[in-house]
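Read-outs throughout are calculated quantities, based only on the coordinates presented, and are distinct from any laboratory measurement. Keep in mind the model is a prediction, meaning the values are calculated, not measured. Quick reminder, even Gly has a Cβ in these numbers, built from the backbone with ideal geometry, and neighbours come from all protein chains shown.
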Amino acid sequence: MTTEIATLAGGCFWCLEAVFDQLKGVASVESGYVGGSTPNPRYAEVCGGATGHAEAVRVAFDPAVVSYEDLLSVFFTIHDPTTPNRQGNDVGTQYRSAIFFHTPEQERVAREVVARLTREKLFRDPIVTEIVPASTFHVAEDEHQEYYDRVGARNPYCSFVIDPKVAKFRSKFVDRLKRQ
């Protein structure tokens, strides 16, 4: 199996990881930090908003099973790409919507998807998702990996914020779910 990497930021990384973990063709998902200037950022620093990093996921995927464009379709379904530096109650540059491309082809596809969604007027407000080159990805601390699977219903944030995103993904992409 050949894998490619996609790096995406759209609010809390727990939300993105919980969804992409369920997508057929995804080999692994890691939560982390990207797009900032502080070397070796930690969760508390990133949450404070001073490092310039976004909470993001690094998705390893098999392009023979799921295309980069398909990943972006999921991405734009599960977060609001029209609110700068905000997803729901999560506010700050660390929660911005961003696509960190790894190749010129990923950049081309990302720009085409945003242009198509804009033409189709899928969102009432303009899409503000950044499309920028991938920089160093810093893997988040162990307690943030697979958070939704480990903690889930025991955390009210998961129940109120992540569960609806997972449900929306599962209903719209039922044919793309990994077999459970």
- request: Would you look at the GNM of the chain, springs on alpha carbons closer than 10 Å, and say which of Arg154, Arg170, Arg86 moves the most?
  value: Arg154
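Please report, in debye to the nearest 20, how large the charge dipole of the chain is about its Cα centre when each Lys and Arg carries +1 at its beta carbon and each Asp and Glu carries -1 there.
Value, rounded to 20: 580 debye.
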statement: the chain: relative contact order from alpha carbon pairs under 8 Å, six or more residues apart, as a whole percent, is 31
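Residues with beta-carbon under 13 Å from that of Ile5, excluding Ile5: net charge, scoring Lys, Arg +1 and Asp, Glu -1?
Values: positive: Arg58; negative: Glu4, Glu30, Asp62, Glu105.
After counting each charged neighbour, the total is -3.
Per the Cauchy relation, a quarter of the hull surface: what is the mean projected area of the convex hull of the alpha carbons in the chain, in nm²? Kindly include the intermediate steps, with their values, before the conclusion.
Details: hull surface 40.2 nm².
For the chain, the mean projected area of the Cα convex hull comes to 10.1 nm².
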task: State the answer as a single residue: which of Pro104, Val139, Phe76 lies farthest towards the positive end of the charge dipole of the chain, with beta carbon charges of +1 for Lys and Arg and -1 for Asp and Glu, about the Cα centre.
output: Phe76
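Given the convex hull of the Cα atoms of region 1-56, what is a quarter of its surface area in nm²?
On the way: hull surface 17.0 nm².
Mean shadow area of the hull around the Cα atoms is 4.3 nm².
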- line: Between the residues Met1, Thr51, Ser37, the Cα farthest towards the positive end of the dipole of the chain, that dipole coming from +1 and -1 charges on the beta-carbon of Lys, Arg, Asp and Glu, is from Met1
query: Can you give the % of DSSP beta bridges in region 4-174 that are antiparallel, to the nearest 5?
result: 85
